[in-house]
Structure formats: C-alpha cells, structure tokens
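Have a look at the structure below, then the notes.
The values are calculated or read from the model by the stated rules, or taken from the named source; none is laboratory data. Quantities reported herein were computed from a predicted structural model and do not represent experimental measurements. Cβ: placed from backbone, ideal geometry, glycine included. Neighbour counts: every protein chain shown.
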Amino acid sequence: MSVEDGAPKRRPLEHRAFVYGGMDHFLAVTEPFLRSGLEAGEAVVAVARRANLSALHDLFGDGAGIEWVDAAGFYRHPVRTLRDYQALVNDFAPRPVCALAEPVWTGWDERQTLEWIRYESLINEVFKESGARALCPYDSETLPPRIVDEARRTHPMVVTDGPPLASDAYVAPAAFGANCDRHRRFTRPDDAEYFAVDDADLHALRSFVAERALLHGLAQRPAQNLVTAVNEVAANAVQHGLPPVGMWIWRDGPELLCEIGDNGLWRPAPDALTGFIPPRSALQRGFGLWTVRLLVDLVELRAGWDGTFVRLHIR
Amino acid sequence: MEPLRIVRTDEPAGLALIGELDAARHAVLARALETALAELPPDREFHLDLGGLDFIDLGGIALLGDAAWSRACGAPVVLDRTPPDMRAVLETVGWGTLPGLCFGDPA
C-alpha cells in the first residue's frame with residue numbers, strides 16, 4: 001500500500017463479475033485472483049459454493065492463508081451478508097480484503113431473488129471506499145440467463161475469457177435500487193387488523209405484535225426480532241410523524257406482515273439506498289432503520305402524499 | 001408495563017436494569033449511565049445486569065453502545081444475564097456497531 005502524507009491511500013472498490021462455464025474455466029481465473037491477493041498481502045477470503053470451494057482448496061491446501069467460507073451459510077439474508085462483509089473489512093483494516101464472492105441463487109422465490117440482485121448492486125455503494133477487491137463468479141451453465149444479465153448491471157467490470165472489460169450495462173446503485181422498487185405493490189388485504197397507536201407508550205403495541213407472532217407460529221427469535229423492529233418504526237412515527245399513527249397486521253401464506261403508517265411526510269424523502277448503508281456505530285444516524293432491515297426479512301418504505309408507511313415482512 | 005427500574009450494583013460495579021426499556025426511559029437511563037460511569041475508574045469493567053429486563057429497544061441498545069464508546073480505550077461494558085431473546089437481537093445487530101460492548105455471565 002502506498003503511503004502519502006502519513007495516511008494510507010485507499011483504492012476504490014474493485015467489484016467484478018466473472019461469468020464462467022465449467023470447472024476448468026472457474027479455476028483458471030479464480031486461482032490467480034486469490035494468488036494475487038496473497039502476494040499483495042491482502043486479507044484473502046474465498047466464499048463459494050461447496051464444489052468450487054473444495055476444488056480451490058485442493059489447489060491451495062491448508063495453511064495458504066486463505067479463509068474458506070461455504071456460500072450456503074454466508075448468503076442467507078442480504079442485509080446480514082452486508083453486515084458480515086463489513087465486519088470482515090473492519091476486522092482486517094488497514095489490510096484491504098480480497099474476496100472471491102459467489103452468491104447463492106437457488107432456493108429463493110422471485111422477491112428474494114430480486115433482493116439478492118439488489119444486494120450485488122449495493123456492494124458498489126457500501127464498500128466504495130473500502131479498498132477491497134471482489135470477484136463474483138456467475139455460472140453461465142446452470143444459472144438462469146436473467147441472473148447473468150443482472151450481474152452485468154450490478155458489476156462495473158465483467159471478466160469472461162480475456163481481460164476484464166467495463167460493463168456497458170452497469171447501473172449505479174441508487175438508480176438500480178429505484179428500478180427494483182418500481183415493481184413493488186402496496187396493496188393491503190381488507191381483513192388486515194389495525195392497531196391504533198394513541199400515545200407514546202408502546203407497551204400495548206409490543207404485546208399485541210408478540211401475540212400475533214405467536215399465533216402465526218413464528219419461532220421465538222424471529223418473533224422477538226419483529227417486536228423490536230415494529231417498536232422502532234412506531235417510535236419513529238410517534239416522534240417524527242403526524243397522527244394518526246397505527247399498524248396494520250396480516251398474514252400472507254407463510255409470511256406475517258406489519259405496516260406502520262402515519263400522516264407525516266418523510267423529508268428528505270427516503271431513496272432506494274435508505275437504511276441499506278451500515279452505520280459505523282450505534283450512535284450514527286441511520287442505525288435504527290439499518291437494524292430494522294437486519295431484524296426482519298424485508299423492509300419496504302413508502303413516503304407518499306398520504307403519509308409515511310413502513311412495511312415489514314417476516315416468516 | 002413495569003416501568004424501568006435502575007439499581008446501582010457494587011460487586012461487580014454497574015447497574016441492574018429491571019422492567020421494560022423503550023424511548024420513554026432513554027433520558028433517565030442516559031443520566032444513570034453517565035453518573036455511574038463517571039465514578040468508575042476507566043480500567044474497571046462496567047457491568048449491566050439485564051436479567052430482569054423484559055424488553056430493550058434499539059435506542060436503548062444504542063445507549064449501551066454509547067456508554068461503552070464513551071470509555072474509549074477503557075475496560076468494556078459487560079452485559080450480564082442477558083435474556084435469550086435479547087441476546088438474539090444483539091447478535092443480529094452485531095458487535096461491529098457496538099464496540100466496547102460484550103456479553104458476560106450468561107442468563
């Protein structure tokens with residue numbers, strides 16, 4: 001790392017998609033990538049699907065100084081994965097991180113898939129000043145073409161056979177997220193229950209949510225996460241919004257949904273990045289909404305002419 | 001709802017929190033933390049007994065994080081007897097945004 005004026009100079013993030021076909025192709029690019037990280041003294045992490053991980057591990061062996069991580073355990077919840085990468089970057093600082101980062105694209109429904117695509121885009125924003133290098137393998141032989149197409153929109157550079165090329169299709173994270181949000185629908189079923197939040201004491205609201213979570217069959221941990229998330233959003237609505245403040249709650253298949261609404265206008269209006277950027281500490285602005293995103297499966301914000309609405313999904 | 005009670009403890013030095021902690025009690029807790037921390041040498045651990053706490057909101061967690069942060073390079077703020085539900089929430093938040101805070105005696 002070059003040092004000028006006594007301060008370490010941070011490179012911008014290098015975030016590349018690697019579109020490959022077959023194991024030989026996979027190894028031909030990922031092996032030199034990891035080796036270059038080791039040679040540069042970077043903190044080298046390999047997160048990949050099991051077959052790819054063990055093939056790489058066979059090449060390098062134990063004691064190479066690479067941290068091996070099974071993608072199946074690492075990619076479970078997009079915002080928590082951002083949190084975990086952030087923790088890696090912080091733990092290794094000032095050493096920059098060199099990460100092979102192969103997401104998991106199986107086992108998700110349509111909306112979860114969209115959130116993982118958004119996650120790939122968010123990496124560009126969250127880690128833009130981290131100095132990290134990330135190579136994200138996309139298996140063109142088994143992944144749906146749409147997933148590979150999206151990778152060209154969420155990575156500024158793409159590697160296939162030759163040298164890395166700038167991706168013509170790349171879209172910056174704020175615009176990309178806004179496009180993800182364009183297809184959201186905010187309908188509410190007629191039989192959604194409504195709970196009016198009349199005063200600043202949120203105890204009754206918490207008890208009500210805990211009871212409904214139990215009825216829905218949520219396990220203890222997600223139930224407590226939901227109660228904590230609802231409390232946070234409602235407290236914000238009481239503090240910053242305009243009455244009436246209230247919550248709708250309903251079930252949608254395996255999901256339990258809570259939507260907290262008030263009559264206020266959220267200004268400055270939230271954008272597609274709001275609550276997705278990890279705060280440095282709990283004292284920083286944005287800690288509340290970031291943490292709400294960690295606690296539940298999905299958070300959707302709507303700041304409209306008719307008020308501010310925050311919808312939480314959990315299962 | 002059982003309003004938050006805050007009790008000074010001597011061995012180990014710190015506070016015990018009992019009841020529910022939400023935005024209505026942030027100011028009271030912030031003052032109690034400040035007073036108790038001011039009297040404790042920076043090299044001594046500060047313990048919070050959460051065994052009697054029924055709920056903590058994110059603002060409350062941030063206050064505990066603030067207390068740990070305010071000790072800078074001093075000894076950590078230790079959370080004792082953290083109920084399992086609350087432990088799960090704290091683990092989801094992650095220690096990355098709560099430097100200087102850690103679990104002590106289990107529940």
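Couple of notes before you dig in:
- Some residue of segment B:39-58 being part of a helix (DSSP H, G or I), at pLDDT 95 or above, within 21 Å of residue A:227 (Cα to Cα) and out of contact with any Leu (no Cβ under 7 Å at 6 or more places or on another chain): yes
- Residue list for segment A:285-301, filter: away from every other protein chain (no Cβ under 14 Å) and buried (at least 18 other Cβ atoms within 10 Å of the Cβ): A:298, A:301
- Residue A:93 being without any contact (Cβ under 8 Å) to a residue 12 or more places away in the chain, under 27 Å from residue B:96 (Cα atoms) and out of contact with any Lys or Arg (no Cβ under 6 Å at 6 or more places or on another chain): yes
- First in segment B:23-42 and within 13 Å of chain A (Cβ to nearest Cβ), second anywhere and in a helix (DSSP H, G or I), Cβ under 7 Å, 6 or more apart: B:23/A:235; B:23/B:59; B:26/B:59; B:26/B:60; B:26/B:63; B:30/B:63
- In summary, strands (runs of 3 or more DSSP E) completely within segment A:19-135 and bearing 1 or more residues that are surrounded by fewer than 18 Cβ atoms within 10 Å (Cβ to Cβ) and more than 14 Å from every other protein chain (Cβ to nearest Cβ) occur at A:66-70.
- Tally, over segment B:65-94, of residues that are more than 8 Å from chain A (Cβ to nearest Cβ) and either charged (D, E, K, R) or outside any strand (DSSP E or B) (or both): 16
- Flag if residue B:18 is in contact with a helix residue (DSSP H, G or I) (Cβ under 6 Å, 6 or more places away or on another chain), more than 10 Å from every other protein chain (Cβ to nearest Cβ) and part of a strand (DSSP E or B): no
- Taking the listed residues A:253, A:286, A:304, the one that is under 18 Å from residue A:80 (Cβ atoms) and without any contact (Cβ under 8 Å) to a residue 40 or more places away in the chain is A:286, with no other qualifying.
- Members of segment A:269-284 found to be among the charged types (D, E, K, R) and within 11 Å of chain B (Cβ to nearest Cβ), listed by number: A:280
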